[in-house]
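Student: Okay, handing you the structure first.
The values are calculated or read from the model by the stated rules, or taken from the named source; none is laboratory data. Since we're looking at a predicted model, the values are computed, not measured. All Cβ positions, glycine included, derive from the backbone under ideal geometry; neighbour counts span all protein chains shown. Surface areas here come from the heavy atoms of the whole protein model, side chains and all, with no ligands, DNA or RNA. Shrake-Rupley method; radii C 1.70, N 1.55, O 1.52, S 1.80 Å.
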Amino acid sequence: MKLLAAGKRLRSPRRYAALGLMMVPGLLYLLINNYLPMFGVIIAFKDFNYTKGIFGSDWIGFKNFEYLFKTSDALLITRNTILYNAAFICLNLIVPTGVAIMLNEVRKRWLSRMYQTVILLPYLISMVIVGYLVYAMLSADTGFLGRTILPMLGLPDISWYSEPRYWPYILTAVHIWISAGSLSVIYLASIIGIDPEYYEAAMIDGAGKWQQIRRITIPLLAPVITIMTLLQIGRIFYSDFGLFYQVPLNAGALQSTTNVIDTYVYRALMTLGDVGMSSAAGVYQSLVGFVLVLVSNFVVRKLNKDHALF
Amino acid sequence: MKTNNSIGQWFVHLVLLVISACCLLPFLLLFITSITDEQSIIRHGYSFFPETFSLAAYQYLWHDIGRILHAYGITIAITLIGTAAGLIITALLAYPLSRKDMPLGRFWSFVVFFTMLLNGGLVPQYLVYTQLFELKNTLLGLIVPGLLMNAFYVMMMRTFFATSIPFPVIESANIDGAGEFRTFVQIVLPLSMPILATVGLFQTIHYWNDWFNGMLYITDSKLFSLQNLLNRILLDFDFLTSSNFAGGNAAELTDVPRETVRMAMAVIGIVPILIAYPFFQRYFVKGLTIGAIKG
Amino acid sequence: MLKKRNAAQAGLAVLLASGMLLAGCGANNADGSNNAGGANNAANENTAGNAQNADGSSSSNAATASAPSASDLKPYELKIAFWGDDQKDLPEVEEAMNNILKAKINATIKVMPIARSQWAQQSNLMLTSGEKMDLIIGSTLTNFPSQAANGVYAPLDDLLAKYGSDIQAVVTPAQLSTAKVNGQLYAVPTIKDMAQYYGIMMRKDLVDKYHIDVTKIKTLDDLTAVFQTIKGNEPDVTPLVAKNPGTSPFYAGYLPFDPLGGSIGVLPDYDNGLKVADWYETPQYAAELDLMHGWYQAGYLPKDAATSKQSGNELLKAGKAFAILGNLKPGSDAEASRVVGQEMVSARLTADHATSDMINNSMWAIPKSSGDPDRAMMLMNLLYSDKELFNLLAWGIEGKDYVKKSDNVIDFPEGIDITNVGYNFNLSYLFGNQFLSYNWAAEDPDIWKKIDAFNKNATPSKALGFTFDVTNVKTEIAAASNVVNEFSIGLETGTLDPKEVLPKFIAKLKAAGADKIVAEKQKQLDEWAKTQQ
């Protein structure tokens, strides 16, 4: 009876007014920072002219999109972007989760902290520097791999920067190297947030470590992992520009396996600096991501309502 | 059971050690390169055991110590203000979205999430911030655009609130007569230290490493943040070496250790973050347990 | 191809505009930094005015008869923007400039230097958003013709007639014509070296050691024997490296054609009967590639040229390289010797030529957003005539940033050098009339006279004065840029076999619309040619 009354009180408009008020600063920021500038999307469909302004410029339909589909590169960059992102999403599911669970198992606290600090290091290094470090490993004259490691194994040196076929592996490795640390910190925070009572109960039931991980940690981590994955799916047509431009050092010979939509657009518009065409690329990328997210969110909702994004 | 467990521990340590080495060694290479003699890099490439050591890169940066310290000051200020303000509005937005009983919750979640999908582009954003709000050449120009709050962290925090803080706890607090805001501050936040520390850490990193806002909104050298200053030193310097100076002393320019300076800049940019990291780690322990609150 | 220099820079704008915020910041330094360096060239056809100007003694009386006197004008702050580094002593220099400007045009000045790597991005944003600005540097390298056609800049014909008599005295009509779009003047080119020739710059110690006869080197082919000597005797020295990191040796080093505003479509031999050609399809290009591939296989070129991190100068200095190709002008040998720190000697590979691209790569324009275009033009006029003002802006304050050795010769004060001076843009080519600049002690005291003669005597390209508006072929240029990036470096560094790859390159370019670009350029060039008769 008391609960019912409380339930009614809980659903009173005043309560939700308080909650709504809490959202105001954040929503206001999104309005200014994101929604106001979205009028810029119409530039993608206009022949932008400085004198006429954004709204006064002439509509030109999809002309600004043409260069994205103009050559045989269109297929290539779409394929590369999707395959890389698919690989990244899969690996980001497995590696950081594993690392986070292991970090949580480390009993000596100072050691755990040291590991946490060290694995975050790659995330702090700018992509330009990462490019230098990779180059230090691979360069033809002075590379570490070519001068020290490969000869030790009795293998011939490879001229890495002119062999496109190795780069899917190199870039994937570099991506994981950079992102694993930061993602595992996020997952670790969620693992720490799990109520210890669950584990205590499991231990009383005689469950071993492995069982605890399988039956408690992973299921309770699932919502976070699902969200992170959905967020990545929404950005499947985007890619980390630095990774694909700086790390292969913009080597033309590698373009068949390193050119993605972002780098293509960058190279395409380097000389033109055209506002409309770059806006068109953004619209195209968001549109695909948008559709994919709607679909996957729908699937997730079917499986488990609570795990969905919206 | 005991042996089993310690084998597990050994395994965990082994794996983590290997991963740590993968992360640490390149950083070590970065550091060693910064104290290597430039000429030996040009001749032999990067090495863990360089022929000649040299502090020339740091000496070169020392010339600019006044400006660098000032820029550290700016960066520290925007990092502190930005992280604190960002964390507050992120949490305030994420919490109502995490409530399953929130009316229109799904709609608002979508409103937040949509900002990750569609981007108006740089020109409109620049227009909004310079024409509408006149943030050019102000400290706010470094803090507000793009960085203050990010839909990604809102969604992350929302998920944490939804999964780690059982609804009955909130409900019972409400029954006890606490208002929504009090429940949030006194119950939800203390239980959410790990996620607050995580988001705070990433916010700190983003503010610390940001050069983009500085590039767009700051032309006044008094407001340069660390990364902006370092970038300018480096880029301007790259230009000078590749151009031909009209004055006589251009030889001094090619004497400046360009590659090692680049690495030294990375080092002085990263080290403060590493020093700040333990502060966040303190909150990476289990906060108050729910049992404690119930009791 | 000339466009490539600035490509990365301009691209930054796009990259950011499309929300790819993760780009590394140093992304563009290698190419971008060269933009301004590339501005060290420009065309010629100087008729009268420049001679007297060359010794920096032209009319330094400020405004002309038609200009109102300072007291009639309301106080006004002029904002001027250009690419340049941040200078510690800038406030003092502004103060000193204000003293002159208040007396002459009752104005004050706000100088806004923007880092080169950020120039394309920043200037584009400032122009697009209509931010108030009175003078700004425009350049064909950052799409000046399209910007002008798009209405970013104020037309200058009337203003120039009214307040620009000193400019008209030193900038020739032919030079001005490179800043015209659709028959209207939108900018004024800065006076500097406006022509160039290509040559090979070599280390003198090795040239002497192996008795290489520099006078015998006339063409690229002659270099084969020279490189062979070096390679044979000095196995640790790479005979030829690129001038800039991650580029081919030809880049800013050997491009013997009129680029006609960049991208696909050039005028071979600066003439070709005004027939535009796709450079990559010419037999000349094919021959160059064969030569390069041969050199690569013989070990005359570095193995990883396309990804190299060191500039040619650095490699020369470290003793790892023997020569670079370069775009040269009088005084280049001495300049290179100073930079490399040992004596350098060059051999000429082409005649002196002047093209539009060498003139309109740095120009002053007045944005539409200017609050007082008349006053902006008065300031511009002073930059081409007032020696004191020019040198303040270029080199800072006497006694602090430099000391005078004699009337026209300056040097650093005791204990100061380029790395710690408080003010030194080192951009004297950018600020108006470079011939007004003081000479540095290490420079040839007659350098401006020589440059002036060089500008005048260089052969003009047949298309000198032509500017190309890319608007109608944007899609094709965008698609072709990726193709060029994919193939050109590999081919031009000799890494790829041209027999096999060049046909693929050409075919893919055609698929991207190279022919359409060439045709559009031809159309515009023909129209331009009609107006020239």
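Student: Are there any pairs, at least 6 apart or on different chains, whose C-beta atoms fall under 6 Å, with the first in region C:122-138 and away from chain B (no Cβ under 13 Å) and more than 21 Å from C:Tyr76 (Cβ to Cβ) and the second in a loop (DSSP other than H, G, I, E, B) and open to solvent by less than 10 Å² (accessible area, probe 1.4 Å), and if so, which?
Tutor: Listed pairs, sorted by first residue: C:Gly138/C:Ala187.
Student: Let me ask something else about it. Quick one: which helices (runs of 4 or more DSSP H) lie wholly within region C:71-154 and hold at least 1 residues that are modelled with pLDDT under 90 and under 19 Å from the mean Cα position of the chain (by Cα)? Outline the logic, then answer.
Tutor: Working: elements: C:90-105, C:116-128, C:144-149.
Passing ranges, in order: C:116-128, C:144-149.
Student: Select from region B:113-144 the residues that are more than 26 Å from A:Leu287 (Cβ to Cβ), within 8 Å of chain A (Cβ to nearest Cβ) and part of a helix (DSSP H, G or I) and list them in ascending order.
Tutor: Residue satisfying the conditions is B:Leu132 alone.
Student: Let me ask something additional. C:Leu185 passes all but one of (1) without any contact (Cβ under 8 Å) to a residue 40 or more places away in the chain; (2) open to solvent by 10 Å² or more (accessible area, probe 1.4 Å); (3) closer than 30 Å to A:Gly276 by Cα; (4) out of contact with any strand residue (DSSP E or B) (no Cβ under 6 Å at 6 or more places or on another chain); which number fails?
Tutor: (2)
Student: On to the next question. Please specify each residue of region C:423-447 satisfying the condition of being farther than 25 Å from C:Met380 by Cα and either in contact with a Cys (Cβ under 8 Å, 6 or more places away or on another chain) or of a type in the set (Gly, Ala, Ser) (or both). It would help to see each step written out before you state the result.
Tutor: Residues of region C:423-447 farther than 25 Å from C:Met380 by Cα: C:441-446.
Residues satisfying the conditions are C:Ala441, C:Ala442.
Student: Tell me, yes or no, whether region A:44-61 has at least one residue that is open to solvent by less than 20 Å² (accessible area, probe 1.4 Å), facing another protein chain (nearest Cβ under 7 Å) and either in contact with a helix residue (DSSP H, G or I) (Cβ under 9 Å, 6 or more places away or on another chain) or at pLDDT 90 or above (or both).
Tutor: The answer is no, given that none of the residues of region A:44-61 is open to solvent by less than 20 Å² (accessible area, probe 1.4 Å), facing another protein chain (nearest Cβ under 7 Å) and either in contact with a helix residue (DSSP H, G or I) (Cβ under 9 Å, 6 or more places away or on another chain) or at pLDDT 90 or above (or both).
Student: Got at least one residue in region A:169-187 being more than 17 Å from the chain's Cα centre (by Cα), among the hydrophobic types (A, V, I, L, M, F, W, C), buried (at least 21 other Cβ atoms within 10 Å of the Cβ) and over 30 Å from C:Asp497 (Cα atoms)?
Tutor: Step one: list which residues in region A:169-187 are more than 17 Å from the chain's Cα centre (by Cα), which gives A:169-170.
Pick out the ones that are also among the hydrophobic types (A, V, I, L, M, F, W, C) and you get A:170.
Then drop every residue that is not buried (at least 21 other Cβ atoms within 10 Å of the Cβ), which leaves none.
Looking through region A:169-187, none of the residues is more than 17 Å from the chain's Cα centre (by Cα), among the hydrophobic types (A, V, I, L, M, F, W, C), buried (at least 21 other Cβ atoms within 10 Å of the Cβ) and over 30 Å from C:Asp497 (Cα atoms).
Student: Being in a helix (DSSP H, G or I) and closer than 30 Å to C:Asp444 by Cα, is that true of even one residue in region C:295-313? I'd like the intermediate steps shown before the answer.
Tutor: Step one: of region C:295-313, the residues in a helix (DSSP H, G or I) are C:295-297, C:305-307, C:312-313.
Those left that are additionally closer than 30 Å to C:Asp444 by Cα: C:312-313.
Yes, there is a match, as at least one residue in region C:295-313 is in a helix (DSSP H, G or I) and closer than 30 Å to C:Asp444 by Cα.
Student: Here is a follow-up. Residues that are within 9 Å of chain A (Cβ to nearest Cβ), over 30 Å from C:Tyr423 (Cα atoms), in contact (Cβ under 8 Å) with a residue 60 or more places away in the chain and outside any helix (DSSP H, G or I): does region B:174-197 have at least one?
Tutor: yes
Student: Among the residues of region A:117-130, write down those that are open to solvent by 10 Å² or more (accessible area, probe 1.4 Å) and away from chain C (no Cβ under 14 Å).
Tutor: A:Thr117, A:Val118
Student: Has region A:200-221 got at least one residue that is farther than 28 Å from A:Ser190 by Cα, touching a residue at least 40 places away in the same chain (Cβ under 8 Å) and more than 19 Å from the chain's Cα centre (by Cα)? Spell out the reasoning first.
Tutor: Just the residues of region A:200-221 that are farther than 28 Å from A:Ser190 by Cα, to begin with: none.
Taking every residue of region A:200-221 in turn, none turns out to be farther than 28 Å from A:Ser190 by Cα, touching a residue at least 40 places away in the same chain (Cβ under 8 Å) and more than 19 Å from the chain's Cα centre (by Cα).
Student: One residue is enough: does region C:232-246 have a residue meeting the conditions within 23 Å of C:Ala512 (Cβ to Cβ), open to solvent by less than 10 Å² (accessible area, probe 1.4 Å) and modelled with pLDDT under 95?
Tutor: Scanning region C:232-246, I find no residue that is within 23 Å of C:Ala512 (Cβ to Cβ), open to solvent by less than 10 Å² (accessible area, probe 1.4 Å) and modelled with pLDDT under 95, so the answer is no.
Student: Under the condition of being open to solvent by 10 Å² or more (accessible area, probe 1.4 Å) and in a helix (DSSP H, G or I), which residue from region A:233-251 is farthest from the other protein chains (Cβ to nearest Cβ)?
Tutor: Out of the qualifying residues, it is A:Ile233.
Student: Being part of a helix (DSSP H, G or I) and open to solvent by 10 Å² or more (accessible area, probe 1.4 Å) is the filter here, so list the residues in region C:399-451 that pass it.
Tutor: Narrowing region C:399-451 to residues part of a helix (DSSP H, G or I): C:428-430, C:434-436, C:447-451.
Of everything in region C:399-451, those that are part of a helix (DSSP H, G or I) and open to solvent by 10 Å² or more (accessible area, probe 1.4 Å) turn out to be C:Tyr429, C:Gln434, C:Ile447, C:Trp448, C:Lys449, C:Lys450.
Student: Is there a residue being acidic (Asp, Glu), in a helix (DSSP H, G or I) and either under 28 Å from C:Tyr76 (Cβ atoms) or away from chain B (no Cβ under 13 Å) (or both) anywhere in region C:346-368? Before the answer, list the steps.
Tutor: Going through region C:346-368, the residues acidic (Asp, Glu) turn out to be C:352, C:357.
After this cut, where a residue has to be in a helix (DSSP H, G or I) as well, the list is C:357.
With the extra rule that they be either under 28 Å from C:Tyr76 (Cβ atoms) or away from chain B (no Cβ under 13 Å) (or both), the set shrinks to C:357.
Yes, region C:346-368 contains a residue that is acidic (Asp, Glu), in a helix (DSSP H, G or I) and either under 28 Å from C:Tyr76 (Cβ atoms) or away from chain B (no Cβ under 13 Å) (or both).
Student: Something else about it: Out of region C:466-509, which residues are more than 10 Å from every other protein chain (Cβ to nearest Cβ), open to solvent by 20 Å² or more (accessible area, probe 1.4 Å) and not aliphatic (A, V, I, L, M)?
Tutor: Correct list: C:Thr467, C:Asp469, C:Asn472, C:Asp497, C:Lys499, C:Glu500, C:Pro503, C:Lys504.
Student: Among (1) touching a helix residue (DSSP H, G or I) at 6+ places or on another chain (Cβ under 8 Å); (2) more than 8 Å from every other protein chain (Cβ to nearest Cβ); (3) in contact (Cβ under 8 Å) with a residue 12 or more places away in the chain, where does A:Ile82 come up short?
Tutor: So A:Ile82 meets the others, but not (1).
Student: So the check is Cβ under 7 Å with 6+ separation or different chains; which pairs have a first residue in region A:289-300 that's farther than 17 Å from A:Ile82 by Cβ and a second one that's assigned to a helix (DSSP H, G or I)?
Tutor: Here the result reads A:Asn297/A:Leu230; A:Val300/A:Thr226; A:Val300/A:Leu230; A:Val300/A:His307, each pair linking region A:289-300 to a residue that is assigned to a helix (DSSP H, G or I).
Student: Has region C:85-101 got at least one residue that is in contact with a Pro (Cβ under 7 Å, 6 or more places away or on another chain), more than 9 Å from every other protein chain (Cβ to nearest Cβ) and surrounded by fewer than 24 Cβ atoms within 10 Å (Cβ to Cβ)?
Tutor: no
Student: Please find, among C:Val207, C:Val226, C:Val276, the residue that is touching a helix residue (DSSP H, G or I) at 6+ places or on another chain (Cβ under 6 Å) and either crowded, with 16+ Cβ neighbours inside 10 Å or basic (Lys, Arg) (or both). Give the steps one after another, and end with the answer.
Tutor: Values: C:Val207 fails: touching a helix residue (DSSP H, G or I) at 6+ places or on another chain (Cβ under 6 Å); C:Val226 fails: touching a helix residue (DSSP H, G or I) at 6+ places or on another chain (Cβ under 6 Å).
Answer to the check: C:Val276.
Student: Test B:Ile205 against the criterion of being touching a residue at least 12 places away in the same chain (Cβ under 8 Å) and touching a Phe, Trp or Tyr at 6+ places or on another chain (Cβ under 9 Å), and give yes or no. Step through it out loud before you land on a result.
Tutor: Working: touching a residue at least 12 places away in the same chain (Cβ under 8 Å): yes; touching a Phe, Trp or Tyr at 6+ places or on another chain (Cβ under 9 Å): yes.
In short, yes.
Student: Would it be correct to say that C:Ala318 is without any contact (Cβ under 8 Å) to a residue 40 or more places away in the chain, within 27 Å of A:Gly252 (Cβ to Cβ) and either more than 7 Å from every other protein chain (Cβ to nearest Cβ) or of a type in the set (A, V, I, L, M, F, W, C) (or both)?
Tutor: Working: without any contact (Cβ under 8 Å) to a residue 40 or more places away in the chain: yes; within 27 Å of A:Gly252 (Cβ to Cβ): yes; either more than 7 Å from every other protein chain (Cβ to nearest Cβ) or of a type in the set (A, V, I, L, M, F, W, C) (or both): yes.
Judged against the criteria, C:Ala318 is a match.
Student: May I pose another question? Which residue out of B:Pro50, B:Pro26 is part of a loop (DSSP other than H, G, I, E, B) and either more than 10 Å from chain A (Cβ to nearest Cβ) or surrounded by 15 or more Cβ atoms within 10 Å (Cβ to Cβ) (or both)? Walk me through it before giving the result.
Tutor: Details: B:Pro26 fails: part of a loop (DSSP other than H, G, I, E, B).
The match here is B:Pro50.
Student: What number of residues in region A:256-310 are more than 25 Å from B:Met155 (Cβ to Cβ) and either open to solvent by 10 Å² or more (accessible area, probe 1.4 Å) or aromatic (Phe, Trp, Tyr) (or both)?
Tutor: 11
Student: Does C:Ser165 qualify as being of a type in the set (S, T, N, Q), more than 12 Å from every other protein chain (Cβ to nearest Cβ), in contact with a Ser or Thr (Cβ under 9 Å, 6 or more places away or on another chain) and in contact (Cβ under 8 Å) with a residue 24 or more places away in the chain? If you could, list the steps in order and put the result at the bottom.
Tutor: Working: of a type in the set (S, T, N, Q): yes; more than 12 Å from every other protein chain (Cβ to nearest Cβ): yes; in contact with a Ser or Thr (Cβ under 9 Å, 6 or more places away or on another chain): yes; in contact (Cβ under 8 Å) with a residue 24 or more places away in the chain: yes.
Here the answer is yes, as C:Ser165 does meet what is asked.
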